[in-house]
Each structure stands twice: as structure tokens, then as C-alpha cells.
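All remarks here apply to the structure that follows.
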Amino acid sequence: MAIKPDIRKLVTFKEVIRTEGGVALDVPLIKCAVAAVFKNPYAGVYSEDLSELMEYGTYLGHYLTDMAVKAMGISAEEVHSFGKGCAVGLDGEYEHAAATLHPRLGAPMRKYLGAGKAIIPSVKKVAAAGCTMDVPLLYKDAMLIRSHYDAITVRVLDAPRTDEIMAVVAFSSGPRARARISSLKIEEIKTWNGMD
Amino acid sequence: MEPIIRKENIIIDELRIENGKHLAVPLLKCAAIAIIENPFIGEEEQDLSTYGVLGKQLGRLLMENALRALRISPEDVQSYGKAVVTGLNGEMEHGAALLHQGFDDSIREILPLSKSIVPSAEKVAPAGCTIDVPLHHYKAMKIRSHYDGMEVFVQDAPRANEIMIVLSLTTGGRPLSRVGGLEYKDAIGQDGVN
């Protein structure tokens, strides 16, 4: 059982896009991000060992994905793209974001979706509360699906406080609204190596 | 007459800890947002008094979106508030025409015991602006524990020809509220004030 962060707050951002460029979409595009805000156990102290944050990642990867997919109102199989991000408050280090995101957080996201050969694109920063974060998105099984290069912007006014960390996962239900630059198509994925 | 909706947004804020103290019940705040084409741009019509039907449709849509997103029934709502941001090609009065005519009728159909005014904020602003939605208790304005607000923003809205309309609902007052005044248990809830 993974060590859980004591979450101060959870913020869900969802958007349902119906038109783009004045043209209606056949199927509305759903994008969602969920942010969790919690105490940084290493704020203000240098620690060689960052395992507690890695443990948090295991918990958050599943918990936040479950929240986001439920908020989207679609099944896990219907999720197309994923991404993640982390903002560390000013008493913490950039490496704390890496410890939260990289060793452990991704695996439960992939497991939940029942897929995920591609890397989960990510962004991280050390920042003051109220920073914006543009969470990148990629198609879950092949990074070269250009129609799905996308992002969702989030911002939580009072987070991360200086001794906090804000971890974010993000998903979308399809390609960019009215995507129309040349792109490998999902049905053309061949190698299943995460790239193409 | 129907609003042309580009997108609908939901922001849910679930607060579990305030100043290090765990709340007995997490506080939920939700903002339901619709981004629509400004129907008044280019209209010769100077009389905006007849657009209640649009406001009513938007009020219903946002109430339903907020309740569904919060996964609560109307009985679980405690505070409400609303706001409108008109894009830069429009005027302040365009947003007001949608927010103040018919909009509240839909809220009160779903929250029949709501008596207090629905507190509001209006502005004309560029895309990505923040708007602070004022909140107070739906039964009585003077319940001091529920004077609150929720800041929202949508990165790409409102565009110059758009209007962004916001409805916020909460499941409680401020976390750790302790500044006295009328309390919920003492509120009469008949005149919207006390």
C-alpha cells in the first residue's frame, strides 16, 4: 500500500468543446485535468532520498486518473490522450517535481486506461501560488499522432503554497478540435513501440 | 432563440484541509461556465429587455451542469453566485441582459427555497481574465459564514465576440468560519435577508 499524501484540496477542470472556428464538431471534445495539492515532505530541507514523493506518485496516478475519467463521463477505453504536470512551492526543489511525476505516477495511469505505449508528456516547475500550468497531451499509444498534440491550461489561485506541491493529470477524449494538419492516424499505428 | 455555445466548462474545487486542520466534510465549490457567441453584436436592436428566454436557458443549463458535476442533489446546495464576462467587442449591458433576465428563474425552479438575491459580478474583459464570483447562502443573505467567493478563468475565453457566463454552487460556507453573525441554524429564510 502506497503512502498517501494528505491532500489539502483537489481541483477538477473540465471542458466540453462544441464548436471550433465557428464550425460545430460532430462529437464534442472533452478535456479534463485534476490537480491535487498536498504538503511537500521535503520543503526547506535537502534530502538525498525522495522516496516519499515517489510513493505519493503511485497513489496519485490511480486516484487522480479515476477522478478525471469519472468527471469526463466516459469509459477508460474512450480516453485518447494523456499528460501530467507538477508545480512545487517556493520552499521546495525542482527535483521534488521529478520525484512526484517520473518514477511511479505514470504506471497506474496506463493501467487504468488499459493502454499507454507512448510516454506521458509532462511539465514541471517551481512556482508561486496561482501559477498557470500548461499540461501537454499526447495520444496514449503513439507519440507521432500529430492530430493529438494538445494541452490544457490549469491554475489554482492558492496553490502551491511555499511548502506544498501541486500534481496534475490531464486527459482528452479525442484529437484537437478540427485538427487538420497532416498526421499519422490512429488506425495506421504499426509498431506499437510508443512512437508510431 | 437559442444561445450558440462554443464550449461548456466545469471547475470543481474540493477543499479538505484549511490551515492544517482537516474539515469534517470536504467543502465543494463548483463553477459551471458556458462560452457563447455574443448575440447582440451587430444588432440594431437597442432594447435588450426581451432576452429573458436566453438567460433562462443558460440558467437551466448551468444549474444542471453544476449539480451533475458535483454529484449532489439540489438539497445539498448551500451557496450560489453568478458572473458574466463580455468579450471586448461587446458592451457591459450585453452580459447583463443574459445574467439578469430569466437566469434566476431557472435557478429558483431547481432550488425552490432560494430567497436571497443571487450575488453577481459583471465585466468586459479579454480572454483569460479572471472573474471572482461572489457567493452567499441561497436562503438568507445575512448568513455571515457563507460570504464567500470563487475565482475562475478560462484560458481562451471570452473571445472578443463572445460572452462567458458563470454559475457557482457550494456545499457549505467558508472553511473554519468563525466571525460570528447570523448562523444558518437561526436563519428564518423567508425574506431572503434573515
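The values are calculated or read from the model by the stated rules, or taken from the named source; none is laboratory data. Bear in mind the structure is a predicted one, so any value in this text is a computation, not a measurement. Methodologically, a virtual Cβ is constructed for each residue, glycine included, from the backbone with ideal geometry; neighbour enumeration extends over all protein chains shown. Protein only, heavy atoms only, side chains kept; ligands, DNA and RNA dropped before computing areas. Shrake-Rupley method; radii C 1.70, N 1.55, O 1.52, S 1.80 Å.
Which of the residues that make up the stretch A:184-196 are open to solvent by 30 Å² or more (accessible area, probe 1.4 Å) and part of a loop (DSSP other than H, G, I, E, B)? Don't jump to the end; show me each part of the working.
The first filter runs over the stretch A:184-196 and keeps only residues open to solvent by 30 Å² or more (accessible area, probe 1.4 Å), leaving A:184-188, A:190-193, A:195-196.
Once the filter is applied, which keeps residues that are open to solvent by 30 Å² or more (accessible area, probe 1.4 Å) and part of a loop (DSSP other than H, G, I, E, B), the stretch A:184-196 yields A:LEU184, A:LYS185, A:LYS190, A:THR191, A:TRP192, A:ASN193, A:MET195, A:ASP196.
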Restricting to the stretch B:135-194, name every residue that is among the aliphatic types (A, V, I, L, M), over 19 Å from B:VAL118 (Cα atoms) and open to solvent by 60 Å² or more (accessible area, probe 1.4 Å). B:VAL179
Residues of the stretch B:77-105 being under 17 Å from B:LEU54 (Cα atoms) and among the hydrophobic types (A, V, I, L, M, F, W, C), which ones? B:ALA83, B:VAL84, B:VAL85, B:MET92, B:ALA96, B:ALA97, B:LEU98, B:LEU99, B:PHE103
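Based on this model, can you work out whether B:LEU176 counts as in a loop (DSSP other than H, G, I, E, B), touching a Lys or Arg at 6+ places or on another chain (Cβ under 8 Å), over 26 Å from B:GLY52 (Cα atoms) and of a type outside the set (Asp, Glu)? Can you show your working first?
On the way: in a loop (DSSP other than H, G, I, E, B): yes; touching a Lys or Arg at 6+ places or on another chain (Cβ under 8 Å): yes; over 26 Å from B:GLY52 (Cα atoms): yes; of a type outside the set (Asp, Glu): yes.
For B:LEU176, the condition - in a loop (DSSP other than H, G, I, E, B), touching a Lys or Arg at 6+ places or on another chain (Cβ under 8 Å), over 26 Å from B:GLY52 (Cα atoms) and of a type outside the set (Asp, Glu) - is met.
Take B:LYS56 and tell me if it is open to solvent by 20 Å² or more (accessible area, probe 1.4 Å) and within 14 Å of another protein chain (Cβ to nearest Cβ). Lay out the reasoning, then the answer.
Values: open to solvent by 20 Å² or more (accessible area, probe 1.4 Å): yes; within 14 Å of another protein chain (Cβ to nearest Cβ): no.
Criteria not met by B:LYS56.
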The lone condition B:ALA96 fails out of (1) surrounded by fewer than 19 Cβ atoms within 10 Å (Cβ to Cβ); (2) farther than 18 Å from B:PRO3 by Cβ is (2)
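Of the residues A:SER147, A:SER122, only one is under 20 Å from A:VAL79 (Cβ atoms), within 11 Å of the chain's Cα centre (by Cα) and buried (at least 17 other Cβ atoms within 10 Å of the Cβ); which? Lay out the reasoning, then the answer.
Working: A:SER147 fails: within 11 Å of the chain's Cα centre (by Cα).
Checking each option against the conditions leaves just A:SER122.
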Does the stretch A:77-96 include one or more residues that are closer than 25 Å to A:CYS131 by Cα, open to solvent by 20 Å² or more (accessible area, probe 1.4 Å), part of a helix (DSSP H, G or I) and touching a residue at least 12 places away in the same chain (Cβ under 8 Å)? yes
Of everything in the stretch A:13-60 that's more than 21 Å from A:MET133 (Cα to Cα) and polar (S, T, N, Q), which residue is nearest to the other protein chains (Cβ to nearest Cβ)? A:THR19
Selection status of B:ILE11, within 27 Å of A:VAL23 (Cβ to Cβ), of a type outside the set (Lys, Arg) and surrounded by fewer than 16 Cβ atoms within 10 Å (Cβ to Cβ): no
Taking the stretch B:113-130 only, how many residues are without any contact (Cβ under 8 Å) to a residue 24 or more places away in the chain and either buried (at least 16 other Cβ atoms within 10 Å of the Cβ) or touching a Gly at 6+ places or on another chain (Cβ under 7 Å) (or both)? 0
Just to be sure I understand, how many residues within the stretch B:133-180 are among the aromatic types (Phe, Trp, Tyr) and within 14 Å of chain A (Cβ to nearest Cβ)? 1
Which condition number does A:LEU10 fail, the rest of (1) more than 8 Å from every other protein chain (Cβ to nearest Cβ); (2) at pLDDT 95 or above; (3) within 20 Å of A:VAL88 (Cβ to Cβ); (4) out of contact with any Leu (no Cβ under 7 Å at 6 or more places or on another chain) being met? (1)
Show the residue pairs meeting these rules: Cβ distance below 6 Å; 6+ apart or different chains; first residue within the stretch A:42-60 and assigned to a loop (DSSP other than H, G, I, E, B); second residue of a type in the set (Gly, Ala, Ser) and buried (at least 21 other Cβ atoms within 10 Å of the Cβ). A:ALA43/A:GLY92; A:LEU50/A:ALA99
Could you pull out the residue among B:MET63, B:MET1, B:MET92 that is without any contact (Cβ under 8 Å) to a residue 40 or more places away in the chain and more than 10 Å from chain A (Cβ to nearest Cβ)? B:MET92
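Conditions tested, residue by residue: (1) closer than 19 Å to B:ILE33 by Cβ; (2) at pLDDT 95 or above; (3) of a type in the set (Phe, Trp, Tyr).
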residue: B:ARG108; (1), (2), (3): no, yes, no
residue: B:PRO112; (1), (2), (3): no, no, no
residue: B:ALA125; (1), (2), (3): yes, yes, no
residue: B:HIS136; (1), (2), (3): no, yes, no
residue: B:ALA157; (1), (2), (3): yes, yes, no
residue: B:ALA160; (1), (2), (3): yes, yes, no
residue: B:ILE165; (1), (2), (3): yes, yes, no
residue: B:TYR184; (1), (2), (3): no, no, yes
Filtering the stretch A:26-53 for residues that are surrounded by 16 or more Cβ atoms within 10 Å (Cβ to Cβ) and within 23 Å of A:LEU138 (Cα to Cα) leaves a count of 9
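It is to be established whether one or more residues within the stretch A:102-113 are more than 14 Å from the chain's Cα centre (by Cα) and open to solvent by less than 10 Å² (accessible area, probe 1.4 Å).
Initially, the stretch A:102-113 is screened for residues more than 14 Å from the chain's Cα centre (by Cα), giving A:103, A:111.
When the remaining residues are screened for being open to solvent by less than 10 Å² (accessible area, probe 1.4 Å), the result is none.
No, the conditions are met nowhere in the stretch A:102-113.
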